[in-house]
Amino acid sequence: MTFLQASPGLLFLGQLLLSSSCLALVTYDLTILPVNITAKSGQTVTLQFQLNVTLNTNENLALNKTTVLSTLYSADSPSSRAVDGVTTWNPSLAYGHPNCAVTMYAANSWLAVDLGQEIRIGRVRITSRTDGFPEQLTDFYIGLTNVSPWTTPPSVPTGNTLCKHNTVHPPNGVPTDIFCEPNTAPGRYLYVFSTAVNHLSICELEAYYN
C-alpha cells in the first residue's frame, strides 16, 4: 500500500507496511480523502489517504492448523483432534476419547500447534474431556515459541515465552478461556506442556488475538 508526496521537481513514494501477522488479523479499506491541489512555486502538495483497520478478534488462529503430540496414545486420538473445531461427544471412538488428542501415560507431555506465522496471542480457549479424568488436564503450562517442536521438543515455558501456568482443571467439556500474561512475546508455535505423570488429553485448543 503506497502514498505519494509531491513537491516542486520532486516525487516521493512511501509505503505503509503491514506485517504478515497483522494481515492474518485485520480487514482494512483505503479511503482517499478529498483535497484541493493548487500548485505554486515553493509549495508542497501532499496527497492524503485514510486507512481503516478492523481487528478480527474472533478468528480462531489455531483452527485446522498443523499439530504434533509428544506421544500418541491411539489412532483415534491424534493431535489434529485438538484443532478440528469439534468438541461434541463421539461415543463411537475407541477408548472413550471423544474428539480429543491424547498422549501416552508419561511425564513432560505436550501438544503443539503451528500457527503458520509469528503472532501475539492474548487468549487461549481450551476444552477438556467430557467424561471425567480431570487429572489429564491439570497443572499445565501454555507457551509460545519460535522454535519448531518438530526439531526441538518443547519444555516448560519461562519468561516471555510463558502465556500462562494453569493449576485448575477446566470444567469437563466446557470451553474455558485462559488469558496470556501481558508480557507474553509473539510466537509461531503455541503449545501446552504438562509435567504430570499422566496422559495429556485436550479436546480443543483455540487461540485468539485477545
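Bear in mind these aren't lab numbers, they're just calculated from the coordinates by the rules spelled out. Everything quoted here is computed from the prediction, not taken from an experiment. Cβ placement follows ideal geometry from the backbone for every residue including glycine, while neighbour counts extend to all protein chains displayed.
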Report summary line: A correct Karplus calculation of ³J(HN,Hα) over the stretch 151-165, with 6.51 cos²θ - 1.76 cosθ + 1.60, θ = phi - 60°, whole Hz and x for Gly and Pro, returns 10, 9, x, x, 9, 4, x, 9, x, 7, 8, 8, 7, 6, 9
Query raised in the report: Amide H neighbours of N198 under 5 Å, counting only residues 5+ apart in sequence or on other chains, H built in-plane at 1.01 Å?
Result: A106, A107
Report summary line: Once phi for every residue in the stretch 199-209 is put through the Karplus expression 6.51 cos²θ - 1.76 cosθ + 1.60 (θ = phi - 60°), the whole-Hz ³J(HN,Hα) values, with Gly and Pro written as x, are 6, 10, 10, 10, 8, 7, 10, 10, 9, 9, 4
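Can you tell me the order of 144-153, 198-207, 68-77 when each peptide is scored by its average per-residue count of other Cβ atoms within 10 angstrom, highest first?
Working: 144-153: 14.1, 198-207: 24.3, 68-77: 17.6.
Order by mean packing, descending: 198-207, 68-77, 144-153.
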Query raised in the report: Near the amide H of T130, under 5 Å away, which other amide H atoms are found, from residues 5 or more places off or on another chain, if H is placed in the peptide plane?
Result: G173
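Summing +1 for each Lys or Arg and -1 for each Asp or Glu, what net charge is found among the other residues whose Cβ lies under 15 Å from the Cβ of V102? List each step's numbers first, then the result.
On the way: positive: R81, R129; negative: D76, D84, D131, E135, E204.
Surrounding charge for V102 is -3.
Suppose every K and R has +1 on its Cβ and every D and E has -1 on its Cβ; what is the size of the dipole of the stretch 66-208 about the Cα centre, in Debye to the nearest 20?
180
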Report summary line: With x for Gly and Pro, the residue-by-residue ³J(HN,Hα) of the stretch 71-81, computed from phi through the Karplus equation 6.51 cos²θ - 1.76 cosθ + 1.60 at θ = phi - 60° and given in whole Hz, is 9, 10, 6, 7, 5, 8, 10, x, 4, 5, 5
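What is the gain in length, in nm to one decimal, between T71 and N160 on full extension, counting 0.36 nm per residue of separation less the C-alpha to C-alpha distance?
29.4 nm
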Query raised in the report: Taking K and R as +1 and D and E as -1, what net charge do the other residues with C-beta under 13 Å from the C-beta of Y73 add up to?
Result: +1
